[in-house]
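S.K.: Handing you a structure now.
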Amino acid sequence: MTPSRRFRPRLGDILLDRGWVTQEQLGAADTLQRESGGAFGTILLEMKFVTTEQLHEALVAQNQHVPEIGANELATLPEDASDLLPETLARRFNVIAISKDEAGVLTLAMEDPFDLAALDVLSQFSGCRIEPVKAPPADIVAAVDACYGTTQDILAEEQQSLEEISLEVEQADPIDSEAMTNATDLLAIAEETPVVRFVEVLFREATQKRASDIHLEPGEQTTNVRLRVDGVLQRLLTVSARMHPAIVSRIKILSGLNIAERRLPQDGRCRLKLPGKNIDIRVSTLPTVHGEKVVMRLLDKSQSILDLDSLGFVGIDLQRFKEALQASYGMILLTGPTGSGKTTSLYAGLTFMDRKALNVITVEDPVEYELEEINQVQVRPDIGLTFARCLRHILRQDPNVIMIGEMRDLETTQIAVRAALTGHLVVSTLHANSAPAVVSRLVDIGIPYYLIIAALNLAIAQRLIRRLCPECKEQFSPSSDLLEKLGAAPPIEGPLTFCRPVGCEECDYLGYKGRLGVYEVMPLSKRLRKIIVNGGSEAELRAAAREEGMKTLYEQAVLKVYGGQTSVEEALSAPQDEEGI
């Protein structure tokens, strides 16, 4: 039942016809692929025979000829289909093996035959050349279940604790992977049942505890497993160092990473399916003295996006943000450290807009939430689809609003500024310490003052502070010394009541549950624009903005203390300027 391939040109032939490679180069790449495996396009890139742009264009041309199959063809798979590809890879990439010919070409049904990273991993572990055909994702899932059997949801039914499973892994005494270089051996130890269960239950525990990140930190004798909950790292458990290589290899398999490469950092991603929710996981590995440190960021795509009114903006700040979002052109920039909620605020801003009347396009890495009536683009640097390249094409798509996940380089920022000056509303993020520092950051990137004052409408700095657990927080009357330490004037007269953390079962005895946003909102008035164009300092800009009503991050945090939402300690952790507020 193998679909005919006579209408689909080979990638090498397309590159050869366009004069981008020579026959000798194709021969060298072919030899290397037969020796080491991997996707042919990736090998051409690594050997520097083609550029990313050339490969991308050739893949697009080749993709136009990919045959498509449907549910009827997938329902008649050969009996040995499950032997052609491991179940782990089939479910990881949502693919199903259709056939394997005498030349060693493996035909796979894929939802995205254009996914170069997936093709590379599948080719590496199957040891075959991959011939993709396109099929609907739901039909592939059904075919995988029919071929391998319906999997039980281990995350929902697993009763063993992580400690019990880790003991099983230790007792199994897996082969020392440090002595291995063969990917097949590493794959074998990573697919042992206790290791598989450990990783899956680890993800379950992390999501139940509302963790944003999982850290695996190898030591000489043990590996620490820590979770970041509400911005603070806390230890979950400690396991034997003998487990570490097997656990890391399992995570690499799920994330499409090279399990045999332990000398270089790697980045990947995978998706975890839980009852009622999908969790996207971004994986980063870093070689250390005692092994690879792994950090996994968890993104719950099933979470509802907060509306603008519930984010935590107070008073005139909310009004200023809404007015800026209703402008027909210009730029809104949010700033803050990684994990401060900038992207969440951007999404909330998009939901506030009249999307039925606007053409809204986003460029993100990754797409964290999927919104209706919005065109969302996922950047793919591996094929040359960068922020800058996306933006150049988006400007030809008649957009009203453009959201950029992050402005991190001069080219992207220049295109964004140009768009803001030519009738588009641009919302984005960048890294700076405060709202006034946004201007300095843009200058550092390479944007001149006169373009900044023409394009920038609003700058917002934000941080997240922990919210006191509503079930166990305890009220108390602050002393005069404590009020003096806080510095900011009380918003009301008379006796004051603060709250402090206690700890209960509901908050896992931390005293805090969830986080609050604090915001520093700076619209660019005529006065501020004049200070900027005259080369005024950041301190001058901040002083003028405060005179016009801007409250600092610290002042906003103190207001949350007076409102009983957070503790004094959390407020004091917010950034303070030279005057203490």
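S.K.: Take the residues in region 307-358 that are of a type in the set (Ser, Thr, Tyr) and under 18 Å from Leu430 (Cβ atoms); name whichever of them is surrounded by the fewest Cβ atoms within 10 Å (Cβ to Cβ).
M.R.: Going through the qualifying residues, I end up with Thr338.
S.K.: Quick one: in region 388-405, of everything that is more than 19 Å from Leu358 (Cβ to Cβ) and more than 19 Å from the chain's Cα centre (by Cα), which residue is surrounded by the most Cβ atoms within 10 Å (Cβ to Cβ)?
M.R.: The residue in question is Arg389.
S.K.: On to the next question. Would you point out the residue of region 210-246, among those that are open to solvent by 10 Å² or more (accessible area, probe 1.4 Å) and in a helix (DSSP H, G or I), that is farthest from Gly514 (Cα to Cα)?
M.R.: So, considering only residues that are open to solvent by 10 Å² or more (accessible area, probe 1.4 Å) and in a helix (DSSP H, G or I), the one farthest from Gly514 (Cα to Cα) is Arg242.
S.K.: Another question about this same structure. Sort out which residues of region 299-342 are assigned to a strand (DSSP E or B) and either at pLDDT 90 or above or touching a helix residue (DSSP H, G or I) at 6+ places or on another chain (Cβ under 6 Å) (or both), and write them in order of number.
M.R.: Gly330, Met331, Ile332, Leu333, Leu334, Thr335
S.K.: Sticking with this one: Looking at region 467-481 only, could you name the residues that are in contact (Cβ under 8 Å) with a residue 60 or more places away in the chain and under 40 Å from the mean Cα position of the chain (by Cα)?
M.R.: Here is the first cut: in region 467-481, the ones in contact (Cβ under 8 Å) with a residue 60 or more places away in the chain are 467-468, 473, 475, 478.
Of everything in region 467-481, those that are in contact (Cβ under 8 Å) with a residue 60 or more places away in the chain and under 40 Å from the mean Cα position of the chain (by Cα) turn out to be Arg467, Leu468, Lys473, Gln475.
S.K.: Right, another one. Name the single residue, out of those in region 419-438 being in a helix (DSSP H, G or I) and touching a Gly at 6+ places or on another chain (Cβ under 9 Å), that is least open to solvent (accessible area, probe 1.4 Å).
M.R.: Result: Ala420.
S.K.: Being open to solvent by 20 Å² or more (accessible area, probe 1.4 Å), acidic (Asp, Glu) and over 22 Å from the mean Cα position of the chain (by Cα), is that true of even one residue in region 365-387?
M.R.: no
S.K.: From Val60, Val121, grab the single residue that is under 27 Å from the mean Cα position of the chain (by Cα), open to solvent by less than 30 Å² (accessible area, probe 1.4 Å) and modelled with pLDDT under 75.
M.R.: Val121
Conditions tested, residue by residue: (1) under 23 Å from Arg210 (Cα atoms); (2) surrounded by fewer than 19 Cβ atoms within 10 Å (Cβ to Cβ).
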{"residue": "Val518", "(1), (2)": "yes, no"}
{"residue": "Lys526", "(1), (2)": "no, yes"}
{"residue": "Glu548", "(1), (2)": "no, yes"}
{"residue": "Ser573", "(1), (2)": "yes, yes"}
{"residue": "Gln576", "(1), (2)": "no, yes"}
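S.K.: Let me ask something additional. Pull out all pairs, ordered by first then second residue, where Cβ-Cβ is under 8 Å, the residues are six or more apart or on different chains, the first lies in region 362-389 and is within 16 Å of Asp267 (Cα to Cα), and the second is small (Gly, Ala, Ser) and at pLDDT 85 or above.
M.R.: As it stands, the answer is Asp365/Gly405; Val379/Gly405, since those pairs meet every condition given.
S.K.: Return the residues of region 105-118 that are open to solvent by less than 20 Å² (accessible area, probe 1.4 Å) and at pLDDT below 80; say none if nothing qualifies.
M.R.: Pro113, Leu116, Ala118
S.K.: Can you spot a residue in region 254-273 that is modelled with pLDDT of 85 or more, open to solvent by less than 40 Å² (accessible area, probe 1.4 Å), part of a strand (DSSP E or B) and not hydrophobic (A, V, I, L, M, F, W, C)?
M.R.: Within region 254-273, one or more residues are modelled with pLDDT of 85 or more, open to solvent by less than 40 Å² (accessible area, probe 1.4 Å), part of a strand (DSSP E or B) and not hydrophobic (A, V, I, L, M, F, W, C).
The values are calculated or read from the model by the stated rules, or taken from the named source; none is laboratory data. Remember, it's a predicted structure, so these values are computed and weren't measured experimentally. Backbone-built Cβ (ideal geometry, glycine too); neighbour counts: all protein chains shown. Heads up: the accessible areas ignore ligands, DNA and RNA and are worked out on the full protein's heavy atoms, side chains in. Shrake-Rupley method; radii C 1.70, N 1.55, O 1.52, S 1.80 Å.
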